[in-house]
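Below you'll find the structure, written out as structure tokens, and then a few comments.
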Amino acid sequence: MVPELPLDQVRTLLAVVDEGTFDAAAAALHLTPSAVSQRVKALEQRTGRVLLRRTKPVLPTESGAVLVRFARQLARLDRDARGELGLSGAGEPTRVSVAVNADSLATWFLPALRRVPGEQRLCFELRREDEDHTAALLREGQVMAAVTSSPDPVPGCSVRLLGRMRYLPVASPEFAAEHLAGPPAEALAAAPVVVFDRRDDFQDDFIRALDAGFGAASAHRHYVPTSEGFAEAVATGLGWGMVPESQADPLLRTGRLVRLAPGRWAEVPLYWQQWKLDSPALATLADAVTTTARENLRR
């Protein structure tokens with residue numbers, strides 16, 4: 001027989017993860033640290049699994065992340081039910097947490113939030129993360145929805161295709177004249193390059209797609225970890241880079257950028273993943289996001 005999960009223990013686990021320590025969770029829950037510790041231990045005994053790593057801050061194990069996600073979903077359902085019954089606090093907004101990649105955030109995603117009707121009283125908490133890693137935040141229960149590059153649904157989540165974000169290889173005219181004469185792959189592999197962060201291998205992948213004989217872009221790299229800053233760094237002439245089409249187009253029209261390897265680009269499929277909950281807040285947000293994506297991304 002599968003043991004039931006006591007809700008007070010599950011909520012206590014969530015408080016420990018959110019607050020980072022047992023003492024802080026105790027203060028938030030108006031309990032003693034000993035009572036918090038006992039609840040967590042009781043939940044671990046009931047599930048037969050270690051749920052927390054006793055680090056600073058405290059972090060959930062893989063099993064703990066499952067229960068953290070469950071606790072957040074319970075809280076979401078509780079708020080929705082209270083709202084439908086008219087029991088929520090007067091004027092209290094509904095918080096919705098979303099993970100989104102930097103390029104979407106800088107281009108089409110914020111207009112999607114403006115599409116949400118004001119009477120919904122939603123309060124957004126956005127977590128910026130690479131599209132290859134946003135699904136991990138969903139899996140850990142840190143967010144309710146995410147823009148991700150993965151078509152594989154996180155357990156307990158639904159997934160739908162939003163569209164494809166196209167990236168163009170570009171540089172300033174002066175940079176191109178100085179560094180990019182010769183065969184495209186060879187020239188790009190030798191030239192200074194702008195990358196987002198140390199996990200960004202997008203420029204490397206583009207060079208390999210041009211010519212499999214080249215393994216990566218130059219070691220002469222400038223790390224610029226914001227979408228707007230990245231595009232500006234390329235336009236300023238620090239290096240070449242893959243810039244979202246919607247950001248590159250106005251700079252191409254004014255002559256601040258030129259296209260490299262004409263006729264070549266890269267596209268990243270983007271998906272919307274969210275908890276499988278009958279939540280009015282999530283449904284409204286999903287409608288706004290998918291409609292705006294349909295208008296701005298390639299199909």
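Values quoted throughout were computed directly from the atomic coordinates according to the rules given, and no laboratory measurement underlies them. Because the structure is predicted, anything quoted here is derived from the model rather than measured. Every residue, glycine as well, gets a Cβ built from its backbone with ideal geometry; the counts of neighbours run over all protein chains shown.
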Pairwise label distance in nanometres, Leu74 with Ser246, each label 7 Å out on the Cα-Cβ vector: 3.9 nm
Top of Gly118, Gly64, Gly239 by mean-square fluctuation, Gaussian network on the chain, Cα under 10 Å: Gly118
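What ranking of Glu232, Glu295 emerges when the number of other C-beta atoms within 10 Å of each C-beta is taken as an exposure proxy, fewest first?
Least to most surrounded, the residues fall as Glu295, Glu232.
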Overall form of the range 153-299 per C-alpha gyration tensor (a/c, 1.5; a/b vs b/c): prolate
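Going by how many other Cβ atoms sit within 10 Å of their own, how do Trp272, Trp240, Trp265 line up, fewest first?
Lowest to highest Cβ neighbour count: Trp265, Trp272, Trp240.
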Cα gyration tensor shape for the range 7-64, rounded if a/c is under 1.5, else prolate or oblate: oblate
The range 143-207 - Rg (one decimal) and Dmax (whole number), Cα, Å: 17.3, 52
Ranking of Lys41, Lys56 by count of other Cβ atoms within 10 Å, fewest first: Lys56, Lys41
GNM result for the chain, Cα springs below 10 Å: residue of Ala24, Ala145, Ala286 fluctuating most strongly: Ala24
Cα gyration tensor, the range 37-149 - rounded (a/c under 1.5), prolate or oblate: oblate
Within a Gaussian network of the chain (alpha carbon springs, distance under 10 Å), most fluctuating of Ser63, Ser97, Ser172: Ser63
Relative contact order [Cα under 8 Å, 6+ residues apart], the range 7-64, whole percent: 32 percent
Contact order relative to length of the range 166-267, as percent, for alpha carbon pairs under 8 angstrom and 6 or more apart: 45 percent
Cα-projected label distance for Lys276 with Arg198, points at 7 Å along beta-carbon direction, nm: 3.8 nm
Sites matching trypsin sites (Lys or Arg not before Pro) across the range 145-219 that sit in DSSP coil, with at most 16 neighbouring C-beta atoms within 10 Å: Arg198, Arg199
Relative contact order (%) - criterion: Cα under 8 Å, at least six apart; region: the chain: 21 percent
Length released on extending from Thr254 to Glu125, taking residue separation times 0.36 nm less the Cα-Cα span: 42.9 nm
